[in-house]
1. Within the set of pairs 6 or more residues apart or between chains, which connect a residue that is touching a residue at least 40 places away in the same chain (Cβ under 8 Å) and over 20 Å from HIS128 (Cβ atoms) inside region 222-234 to a residue that is assigned to a strand (DSSP E or B) and open to solvent by 10 Å² or more (accessible area, probe 1.4 Å) with Cβ atoms less than 7 Å apart?
2. Looking at region 261-297, which of its residues are touching a Ser or Thr at 6+ places or on another chain (Cβ under 9 Å), within 20 Å of ASP344 (Cα to Cα) and open to solvent by 30 Å² or more (accessible area, probe 1.4 Å)?
3. If SER336 satisfies all but one of (1) open to solvent by 10 Å² or more (accessible area, probe 1.4 Å); (2) under 16 Å from THR242 (Cβ atoms), what's the number of the condition it fails?
4. Looking at region 105-126, is at least one residue in contact (Cβ under 8 Å) with a residue 60 or more places away in the chain, touching a strand residue (DSSP E or B) at 6+ places or on another chain (Cβ under 6 Å), farther than 24 Å from ARG63 by Cα and in a strand (DSSP E or B)?
5. Of the conditions (1) open to solvent by less than 40 Å² (accessible area, probe 1.4 Å); (2) in contact with a strand residue (DSSP E or B) (Cβ under 8 Å, 6 or more places away or on another chain); (3) under 19 Å from GLU350 (Cα atoms), THR258 fails just one. Which one is it?
6. So for region 203-218 (the condition being crowded, with 24+ Cβ neighbours inside 10 Å and under 19 Å from the mean Cα position of the chain (by Cα)), does at least one residue qualify?
7. Scan region 72-111 residue by residue and report those that are buried (at least 19 other Cβ atoms within 10 Å of the Cβ), over 22 Å from GLY196 (Cβ atoms) and among the small types (Gly, Ala, Ser).
8. Suppose we filter SER336, SER354 for residues that are hydroxyl-bearing (Ser, Thr, Tyr) and under 19 Å from the mean Cα position of the chain (by Cα); which single one remains?
Amino acid sequence: MPSLPFRDPDSPPRQLVEPGQTSPCLGRWSRPVPEPNLEEAAIPHLWDWLPARMERGISRRWRNKRWQFVNCATPGWVLSCAIADAAIAGNVFVYAVNTRSGAIHRLLRMRPLAAGVRVEAGSSESEHRFDGGRTSMRIANHGGGRHFALQGRGRFDAGGGAFEIDLQFESEPGDRHAALSVPLPEGRWNYTHKFGGFRVRGVAQLGGETVRFDPALSLGASDYTRLAALRHTVWRWVSLATVLPDGRRFALNLVQPTPGEAAGLATENMLWIEGQPEQVRNASLQVDGLGWRVQGDGLQLVMRPLALYRQQLRVPLLAHRLDHHVGAWSGFAETSQGRIELRDVFGLGEDNDSWW
């Protein structure tokens, strides 16, 4: 049966795939879908010839991927973390960049068949975890997905020292998040819940340094995504959040290619001012040895690279390259509230290429 139409932006459905449907509701909402059950959607794949019950079990397990990524910046530091379940493998990564020196502390733990990894089915009231002996991480969403805790402990790789993180990400009452359900090529589907501009408070011990996050100065972003993935998936993504000189919160989220754009649907390319979203149209994300350049209607930014966090994996059935370029962004954005000048705003650009 065909997908259901777009819904009221302030009233997401309880589920994406409703009883009797074989494809999800499509839409963009200001709060997350409580049960984004994409595993119930039919997708074409290599096992279509199997008996129905077996075919459904394989497609639900192996083609559905999900993760939650969080990042935040405070004067002197950028901190990022993700917990991911790609079925074939699961992982957790944490990295912290000292923006004054460019030093980077990093950790990556991968587990075959996602052993020790739990990424729940949504981002509304949920707890995602990685448990791996001396390393543990927890992202706990609450308040209908408007707040979450980031907590964990372990040791960075390559002698980077110990870390212990206890942070709260808090969305303000009038903030409008972005939850999108859109089609992908080849009959696949994508759901994501993103927001930029969380106030961040708490303390992190990072390689021997104590970093205190003051919510007046520290902002963060979150990306919960689940998708019936293409076998080969590539994207570029830009995320940054900062407190402007006049005290307003500003955040930017851009992705390329843009799921849903070809179908004329809403996209996740947007900026937030004080938690209120504005669409960014015709976005272009370019990266080379000199850094990142971003353009769009009324938007122009360049990144001065500072640090690179890289993941690489090549094993049977799985190839993965993920580059996170952390740097200082400068440029301007034309918005409904006037022109906003940005100078040396720390954020990241992600360049991903995966066979999974």
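The values are calculated or read from the model by the stated rules, or taken from the named source; none is laboratory data. Just so we're clear, the structure is a prediction, and the values are computed from it rather than from any experiment. Every residue, glycine as well, gets a Cβ built from its backbone with ideal geometry; the counts of neighbours run over all protein chains shown. Side chains are part of the model used for accessible areas, which takes the heavy atoms of the whole protein and leaves out ligands, DNA and RNA. Shrake-Rupley method; radii C 1.70, N 1.55, O 1.52, S 1.80 Å.
1. The qualifying pairs are LEU230/LEU184; LEU230/ARG188; ARG231/TRP355; HIS232/TRP355; VAL234/ASP353.
2. Selection gives ARG293, GLN295.
3. Tallying (1) open to solvent by 10 Å² or more (accessible area, probe 1.4 Å); (2) under 16 Å from THR242 (Cβ atoms), SER336 fails exactly one: (2).
4. Scanning region 105-126, I find at least one residue that is in contact (Cβ under 8 Å) with a residue 60 or more places away in the chain, touching a strand residue (DSSP E or B) at 6+ places or on another chain (Cβ under 6 Å), farther than 24 Å from ARG63 by Cα and in a strand (DSSP E or B), so the answer is yes.
5. Condition (2) is where THR258 drops out.
6. Scanning region 203-218, I find at least one residue that is crowded, with 24+ Cβ neighbours inside 10 Å and under 19 Å from the mean Cα position of the chain (by Cα), so the answer is yes.
7. Result: ALA86, ALA89, GLY90.
8. Exactly one residue qualifies, and that residue is SER354.
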